[in-house]
Amino acid sequence: MLEQAQRVLKDIFGYDSFRGRQAAIIECVANGGDALVLMPTGGGKSLCFQVPGLLRQGLTVVVSPLIALMDDQVATLDELGVAAAALNSTLSNEQQRELAGRLRRGEVKMLYLAPERLVQPRMLDFLRTLDIALFAIDEAHCVSQWGHDFRPEYLQLGQLAELFPQVPRIALTATADMRTREEIVQRLHLQGAERFLSSFDRPNIFYRIVPKEQPRKQLLAFLAERRGNAGIVYCLSRKKVDETAAFLCAQGFPALPYHAGLAAETRAANQHRFLNEEGLIMVATIAFGMGIDKPNVRYVAHLDLPKSLEAYYQETGRGGRDGLPADAWMAYGLQDMVMLKQMLQNSEGDERHKRVEQHKLDAMLALCEETRCRRQSLLAYFDEVLEQPCGHCDNCVDQVQTWDATEPARQALSAIYRTGQRYGVGHLIDVLLGKDTDKVRNFGHQKLAVFGVGKALSESEWRSLFRQLVARGLVDIDLEGYGGLRLSGSCRPLLRGEVNLQLRRDLKPQTTARSSGSGGSPASQLVRGDEREQWDALRALRRKLAEEHSVPPYVIFPDSTLLEMLRSQPTSLSEMATVGGVGARKLERYGQAFLEVLNGGATDEAPKAVVDIRHELVSLARAGMTPLQIAGQLKCSEKNVYSLLAESLGRQELSLDQALDLPEDLMMEIQDAFLDGEGELPPVSAISEQFAQRVPEGVLYCIRAALAAEFEL
Ligand code: ADP
Ligand code: ZN
């Protein structure tokens, strides 16, 4: 079974090996078992049902919540040469009837549809008349009322277990928490399913969180290093989205806004452009995200703090789905905390709910002020242990320093207390620094004992300190009033001198182009300067092909494939076939065009040496091309191809399955005909009449050559 799966992986998808738990999952499902798959975004969930779907007989039904997502997957499968279709409300009645006909005739291998569609009684009745290979339930966390993507229609999917007891089901999600997991099992009746839990680490994402000083300047510096790459910039409010997008455009960055306040057409148009064009920046509220499958989002920037680590993980996780390097960057400051705490205070819901939300926010703040590895801390929140610091986050590469802030912290607390626990950070810092302002004089604060005691620290150091005091809950923000600071109960031990306080030393905020910290280029800058020209040419060709086929560019080839082409510089189709992501179909369609770009536009028409042709033929056959296709590719006759194939079979460079494109029973029949006699293998002429109308004679030569080699006759 696994061998066949491997073959499908290479021939159809063009990949050499399975990733993580894919092989185990595919084996389980292909053998008719149920599976629950928890895998992070970009982990490769699609293959987990697409491969078994291709291995099993009949139709694979994929339940997916979003039309945009379905269309994307159908287009991708189409390009791979797999018969796929989506059944959704965008189809006319006529188109639906036509699709039903194709389904009845068994012409479709994979059908995508929304849950509400699937559970219509008529639909279920119809499906029961078909041969169903597999049900795949994507985004299975939508069944959970606890999560934020709850879709009531998902609740009805449980009945598939009773209606189709013989059909295996696989549920997939990138949502990790235990509660959601159990809810999926319960509601989808997957008690018997094997569970496949992957690590939720996203090793290709580089995490960086910086103190917010001049956010726009900081953002520009971050983006300047990533020109030409696509990314998402998240903001909390619609207004800020609009302003930031306009600001970026004015600064020469191609940015689009996206939030729930925009007209539906504008939203759809902007999303479409983001998916189909390259290098665009989407400035968005959290309304943008779910169902964005764009694999080459190279960075996710947060100008505002998410309200939980769950949200942060999910939003940053939209970067780097293709497994190539991506950046998660966030600027965060005291004002963010004030804003979120205020929102929480004013939100609906009971006290218990607010307490839960408060805890989530606290965990988010703790990550911001974390001095150890960010990834270790993030994964720990999801109950996963990362043994070693990751070496791929700001804290790891910058080696964050801590300092003993006990004494300044007590000065700060004292300043809050002496001024009556009602002033904001700005005024408190003025007092500590001994500044002669109107406000200071109006309230007589120059007479306080704390006035001017804090001159050892700079203003920004004081800001950092206050921010960390709030984040650690040593100081509260007065949310009813004007955001003044108050002492909280938990600061007493510090005031009494019973504990010491170690704080994070903020790095100087960098607003110049060199902001990546590690000194080198940003994680998400994929290509070197000297590769740029060819990279752009490859992308230009991809864009052109994408337009011709009306699909997003990554459906033609993902960035990872283009990058591998760039690095491995194939010079022939056979070498091209070894590039990850170049399956038989795509090799046939696009291989030559990309070769020409790589080889400087020179067409490859010089007469090939015979040796070269043989070599190429073997590669093409291994990649899954039929003899007819190979003949077209090598521009020689079919007969010629068969005789070359026979030679290769004789040397056992190929298996019969690779060389020929025959139904299994016919292949058996021909082999039997050869083996019927005793001892000697009969010549082709002895049986050629028997198969004359059914296969080209070349096929017989091939089979004979293979048998001869196998039995050493
Ligand atoms: P998910 O749905 O889990 O977010 P996808 O199924 O979209 O992830 O896969 C992410 C990317 O990884 C896709 O571009 C896919 O083609 C690629 N991929 C998946 N499995 C493999 C593999 N075994 N080898 C190489 N690339 C893979
Ligand atoms: Zn780290």
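The values are calculated or read from the model by the stated rules, or taken from the named source; none is laboratory data. All figures in this text were calculated on a predicted structure; none of them were measured in a lab. Backbone-built Cβ (ideal geometry, glycine too); neighbour counts: all protein chains shown.
Scanning segment 280-293 for residues that are of a type in the set (Gly, Ala, Ser) and at pLDDT 90 or above turns up just one, ALA284.
State all residues of segment 210-226 that are touching a residue at least 40 places away in the same chain (Cβ under 8 Å), closer than 19 Å to CYS249 by Cβ and charged (D, E, K, R); if no residue qualifies, say none. Hits for segment 210-226 are LYS217, GLU225, ARG226. Total residues in segment 75-126 satisfying the condition of being in contact with a strand residue (DSSP E or B) (Cβ under 7 Å, 6 or more places away or on another chain) and farther than 28 Å from ASP293 by Cα: the figure is 0.
Screening segment 44-63 for residues that are surrounded by 24 or more Cβ atoms within 10 Å (Cβ to Cβ) and within 25 Å of PHE200 (Cβ to Cβ) and picking the one that is nearest to ligand 2 (Cβ to nearest atom) gives CYS48. Return yes or no: is ASP304 closer than 30 Å to ARG19 by Cβ and assigned by TED's automatic domain parsing to the domain that holds ALA255? No; evaluated as a whole, the condition is false for this residue. The set of residues from segment 194-222 being part of a loop (DSSP other than H, G, I, E, B) and within 15 Å of the chain's Cα centre (by Cα) comprises SER198, SER199, PHE200, ASP201, ARG202, PRO203, ASN204. All conditions but one from (1) surrounded by fewer than 19 Cβ atoms within 10 Å (Cβ to Cβ); (2) more than 22 Å from GLN218 (Cβ to Cβ); (3) away from ligand 2 (no atom under 16 Å from the Cβ) apply to ASP322; the one that does not is (1). Would you call PHE196 touching a residue at least 12 places away in the same chain (Cβ under 8 Å), touching a Lys or Arg at 6+ places or on another chain (Cβ under 6 Å) and within 16 Å of ligand 1 (Cβ to nearest atom)? Judged against the criteria, PHE196 is a match.
Just checking, does segment 120-136 include any residue being over 20 Å from the mean Cα position of the chain (by Cα), part of a loop (DSSP other than H, G, I, E, B), at positive phi and touching a residue at least 24 places away in the same chain (Cβ under 8 Å)? The answer is no, given that none of the residues of segment 120-136 is over 20 Å from the mean Cα position of the chain (by Cα), part of a loop (DSSP other than H, G, I, E, B), at positive phi and touching a residue at least 24 places away in the same chain (Cβ under 8 Å).
Against the conditions (1) within 23 Å of LEU474 (Cα to Cα); (2) outside the structural domain of GLY484 (by TED's automatic domain parsing); (3) touching a Pro at 6+ places or on another chain (Cβ under 9 Å), LEU367 satisfies every one except (3). Taking the criterion of being in contact with a strand residue (DSSP E or B) (Cβ under 6 Å, 6 or more places away or on another chain) and surrounded by fewer than 23 Cβ atoms within 10 Å (Cβ to Cβ), the residues of segment 19-32 that qualify are ARG21, CYS28.
Would you list the helices (runs of 4 or more DSSP H) that sit entirely within segment 387-494 and hold 1 or more residues that are at pLDDT 90 or above and either assigned by TED's automatic domain parsing to the domain that holds TYR299 or away from ligand 2 (no atom under 16 Å from the Cβ) (or both)?
Filter on segment 387-494 gives 406-418, 425-433, 438-442, 459-471.
Across segment 127-165, what is the number of residues that are touching a strand residue (DSSP E or B) at 6+ places or on another chain (Cβ under 7 Å) and more than 15 Å from VAL63 (Cβ to Cβ)? Final tally of qualifying residues: 2. Within segment 377-399, residues that are without any contact (Cβ under 8 Å) to a residue 24 or more places away in the chain sit with their Cβ atoms under 6 Å from residues that are more than 9 Å from ligand 2 (Cβ to nearest atom) and assigned to a helix (DSSP H, G or I), at 6+ positions apart or across chains, in these pairs: SER377/LEU367.
The residues of segment 43-61 that are over 17 Å from ARG321 (Cα atoms) and touching a Ser or Thr at 6+ places or on another chain (Cβ under 9 Å), listed by number, are PHE49, GLN50, PRO52, GLY53, LEU54. Considering only segment 650-684, state which residues are assigned to a helix (DSSP H, G or I) and within 41 Å of the chain's Cα centre (by Cα). Listed by number, the residues that qualify are LEU656, ASP657, GLN658, ALA659, GLU664.
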